[in-house]
Amino acid sequence: QVQLVESGGGLVQPGGSLRLSCAASGFTFGDFTMGWFRQTPGKEREFAASISWSGFNHYLADSVKGRFTISRDNAKNTVYLQMNSLKPEDTAVYYCAAGRRTLVDIHYSDDLQNEFDYWGQGTQVTVSS
């Protein structure tokens with residue numbers, strides 16, 4: 001019954017913006033750290049952003065820092081990824097994920113992706129002129 005459903009992906013020109021949404025159901029959303037990952041065919045899935053239970057703290061990958069913002073609305077069971085100044089190398093399938101442990105504990109792990117219990121199906125983001 002747990003579901004994470006991403007939306008908001010699409011085709012955008014370099015320098016443009018997109019906002020991804022992830023609607024969660026089937027678990028207590030406010031008790032889970034949320035994250036965004038991305039994957040390009042032929043490459044490993046990589047971390048992009050994560051946010052604490054309350055939404056007051058977050059981590060961003062160096063590759064997206066200063067351009068992306070992660071946020072959440074616990075009343076709506078939704079986590080967002082605002083992507084600005086998009087580059088062609090941002091092209092990927094973007095996945096929403098949920099983890100039971102705290103933001104800090106999750107990022108202490110040697111296997112970050114394994115710390116996330118639930119995953120969405122992904123939404124395609126293509127940055128191209």
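The values are calculated or read from the model by the stated rules, or taken from the named source; none is laboratory data. This is a predicted model, so every value here is computed, not measured. We place every Cβ from the backbone using ideal geometry, glycine too, and count neighbours over all the protein chains shown. When the accessible area is computed, the model is the full protein with side chains, heavy atoms only, and any ligands, DNA or RNA have been set aside. Shrake-Rupley method; radii C 1.70, N 1.55, O 1.52, S 1.80 Å.
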Over the range 11-34, the set of residues assigned to a strand (DSSP E or B), surrounded by 13 or more Cβ atoms within 10 Å (Cβ to Cβ) and either in contact with a Gly (Cβ under 9 Å, 6 or more places away or on another chain) or not β-branched (Val, Ile, Thr) (or both) is 18, 19, 20, 21, 22, 23, 24, 33, 34
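For the range 114-129, how many residues are assigned to a helix (DSSP H, G or I) and touching an Asp or Glu at 6+ places or on another chain (Cβ under 9 Å)? Working first, answer last.
Restricting attention to the range 114-129, the residues satisfying the condition of being assigned to a helix (DSSP H, G or I) are 114-115.
Checking which are touching an Asp or Glu at 6+ places or on another chain (Cβ under 9 Å) leaves us with 115.
Number satisfying all stated conditions: 1.
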Given the conditions (1) in contact (Cβ under 8 Å) with a residue 40 or more places away in the chain; (2) under 11 Å from the mean Cα position of the chain (by Cα); (3) open to solvent by less than 50 Å² (accessible area, probe 1.4 Å), every one holds for residue 119 apart from (3)
Checked pairs for the range 53-74, first closer than 28 Å to residue 28 by Cβ, second charged (D, E, K, R), C-beta under 6 Å and 6 or more apart or across chains, list as 55/72
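Considering only the range 94-129, state which residues are among the β-branched types (Val, Ile, Thr) and farther than 20 Å from residue 71 by Cα.
Narrowing the range 94-129 to residues among the β-branched types (Val, Ile, Thr): 102, 104, 106, 123, 125-127.
Residues satisfying the conditions are 126, 127.
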Output for Cβ contacts, cut-off 6 Å, separation at least six or different chains, first residue modelled with pLDDT under 95 in the range 1-17, second among the charged types (D, E, K, R) and in a loop (DSSP other than H, G, I, E, B), reads none
Among the residues of the range 62-100, the number that are open to solvent by less than 30 Å² (accessible area, probe 1.4 Å) and either more than 15 Å from residue 20 (Cβ to Cβ) or part of a strand (DSSP E or B) (or both) is 12
Item to complete: Inspect the range 95-111 for any residue being among the small types (Gly, Ala, Ser), at pLDDT 95 or above, over 13 Å from the mean Cα position of the chain (by Cα) and closer than 19 Å to residue 2 by Cβ and give the result as yes or no.
Response: no
Conditions (1) exposed (fewer than 12 other Cβ atoms within 10 Å of the Cβ); (2) small (Gly, Ala, Ser); (3) closer than 20 Å to residue 109 by Cβ -> residue 52 fails only (1)
Taking the range 1-10 and the residues there that are open to solvent by less than 50 Å² (accessible area, probe 1.4 Å), in contact with a strand residue (DSSP E or B) (Cβ under 6 Å, 6 or more places away or on another chain) and in a strand (DSSP E or B), the one that is nearest to residue 119 (Cα to Cα) would be 4
